[in-house]
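Colleague: Below you'll find the structure I mean.
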Amino acid sequence: MGMPHGCTTNSRFTSIEICAGVGGSALGLERAGFDPVLLIENRPVACESLRANRPDWRVLEQDLIDFVPEEHPQCYDVDLLSAGLPRVKADAAVGRSRDDEPELSLLKATAFLMHAVQPKALLIENVPGLVTRDAYAPIRTFLEEELHHLGYRARSLVLESADFGLPQKRQLGIIIAFRGDLLDSFEEPIHLPGPPLTVGQVLGPSMAADGWPEAAEWAAQANRPAPTIVGGSWERGGPDLGPTGAKRSWAGMGVDGGTVADQIPGPGFQWRPEEGRAGMMALTVEQVALLQGFPPDWHVAGRKTARYRQVGNAMPPPVAEQLGHSIAAALTAERSF
């Protein structure tokens, strides 16, 4: 495998990425020094995205439930198992017997995969409620018991993505676990200095790219982070920027959050937000990707709705990177002994 992007050092780590999606977590962790030996993802269009961006990554198109570690010995004893799992619902967490819930089944499959892989560290990213809400207590207890049995100690935290270079208010529920006493060396990522980036700062240049004369005026009033971008269900509906509250917040910035655009505003577009949706512009998938912290050249495969789902459901790469640095620091502490 060739030198990873942005890599100038040999002191790197290995990882497995499960439910890899479009690669937000893997990209951030790559920047922090982790090279995936395998990425597991069951959606063909997401696998296409991963292969397009990193041809040297080994991508396995398969359901996690059907994954057999013995057939992939490179997975054993990696430094990190990273799981950006589909959002577990609170009603699925009420009883541990409800294995018919696919999200809950995937989370349990992750715990069982730890038995076989035995990584030095585990990273799970999910809804904040997984960490904070009583309804999720059965899941937390299940994970803690499984990890303790395997010799891991875990820590839970909630991170606000806007604190880590994302122009978006997006809370993430994080579970970190380390084998042995490595947890003692883990320190929570430090917030980046200064105020969070705003929508206008990040999207202003792209709004002006096709000659829209009001782009600077729009960017000046889009002076706050975006509301949480919701990728939505793969099973139903078209692309939009989230529930009613999010759409209202977008309307306050003159953006139509009820749809996703095919192209950016051109020279003839007249921005008249007081006229409602007809006078607002919508964001393109590429612009949503910028708000999620992806670089402009990150390719997302598929048709518009599938592309939006991949981007909206991703773990933001800047947050994954900062978490990766903290995990790498703990692993490096072990190497120094």
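Colleague: List the residue pairs whose Cβ atoms are under 7 Å apart, where the first residue sits in segment 234-253 and is farther than 20 Å from TRP218 by Cα, the second is at pLDDT 85 or above and outside any loop (DSSP other than H, G, I, E, B), and the two are 6 or more positions apart or on different chains.
Modeller: Between residues of segment 234-253 that are farther than 20 Å from TRP218 by Cα and residues that are at pLDDT 85 or above and outside any loop (DSSP other than H, G, I, E, B), the close pairs are TRP234/ARG309; GLY238/THR305; PRO239/LYS304; PRO239/THR305; PRO239/TYR308.
Colleague: Let me confirm something: among VAL288, VAL260, which residue is more than 24 Å from GLY28 (Cα to Cα) and either over 22 Å from the mean Cα position of the chain (by Cα) or among the β-branched types (Val, Ile, Thr) (or both)? Before the answer, list the steps.
Modeller: Values: VAL288 fails: more than 24 Å from GLY28 (Cα to Cα).
The conditions single out VAL260.
Colleague: Just give me the residues in segment 251-271 being crowded, with 19+ Cβ neighbours inside 10 Å and touching a Lys or Arg at 6+ places or on another chain (Cβ under 8 Å), in sequence order.
Modeller: MET253, ASP256, GLY257, VAL260, listed by residue number.
Colleague: Can you give me the number of residues within segment 43-69 that are β-branched (Val, Ile, Thr) and buried (at least 21 other Cβ atoms within 10 Å of the Cβ)? Before the answer, list the steps.
Modeller: To start, the set of residues in segment 43-69 that are β-branched (Val, Ile, Thr) comprises 45, 59, 65, 68.
Those still in the list that are buried (at least 21 other Cβ atoms within 10 Å of the Cβ) too: 59.
Adding up the residues that qualify gives 1.
Colleague: So how many residues does segment 142-164 have that are crowded, with 19+ Cβ neighbours inside 10 Å and small (Gly, Ala, Ser)?
Modeller: Going residue by residue through segment 142-164, those that are crowded, with 19+ Cβ neighbours inside 10 Å are 143, 147, 152, 159, 161-162, 164.
Next, only the ones that are small (Gly, Ala, Ser) stay: 161-162.
Selection size over segment 142-164: 2.
Results for (1) modelled with pLDDT of 95 or more; (2) outside the structural domain of PRO167 (by TED's automatic domain parsing); (3) among the aliphatic types (A, V, I, L, M), shown as yes or no for each residue.
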| residue | (1), (2), (3) |
| --- | --- |
| PRO243 | no, yes, no |
| GLY254 | yes, yes, no |
| ALA289 | yes, yes, yes |
| ASP297 | yes, yes, no |
| ARG303 | yes, yes, no |
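Colleague: What are the pairs, 6+ residues apart or on separate chains, where a residue within segment 171-200 that is under 17 Å from PRO317 (Cα atoms) has its Cβ under 7 Å from a residue that is crowded, with 21+ Cβ neighbours inside 10 Å and acidic (Asp, Glu)?
Modeller: Going by the 7 Å Cβ cut-off, the qualifying pairs are LEU172/GLU125; ILE174/GLU125.
Colleague: While we're on this one: What tally of residues in segment 33-42 results from selecting those that are buried (at least 21 other Cβ atoms within 10 Å of the Cβ) and assigned to a loop (DSSP other than H, G, I, E, B)?
Modeller: Count: 1.
Colleague: Any idea how many residues of segment 212-250 are surrounded by 13 or more Cβ atoms within 10 Å (Cβ to Cβ) and under 20 Å from the mean Cα position of the chain (by Cα)?
Modeller: Residues meeting the conditions: 15.
Colleague: Right, here's the next one. Which numbered condition in (1) crowded, with 17+ Cβ neighbours inside 10 Å; (2) assigned to a loop (DSSP other than H, G, I, E, B); (3) modelled with pLDDT under 95 is the only one that GLY194 fails?
Modeller: (1)
Colleague: Looking at this structure, is LEU166 in contact (Cβ under 8 Å) with a residue 60 or more places away in the chain and assigned to a helix (DSSP H, G or I)? Before you say what the answer is, go through the steps one by one.
Modeller: On the way: in contact (Cβ under 8 Å) with a residue 60 or more places away in the chain: yes; assigned to a helix (DSSP H, G or I): no.
No; evaluated as a whole, the condition is false for this residue.
Colleague: Within segment 286-306, how many residues turn out to be in contact (Cβ under 8 Å) with a residue 40 or more places away in the chain, within 19 Å of ARG51 (Cα to Cα) and not in a loop (DSSP other than H, G, I, E, B)?
Modeller: Result for segment 286-306: 3.
The values are calculated or read from the model by the stated rules, or taken from the named source; none is laboratory data. Since the structure is predicted, the reported quantities are computational estimates derived from the model, not experimental observations. No Cβ is skipped: glycine too gets one built from the backbone with ideal geometry, and neighbour counts run over all protein chains shown.
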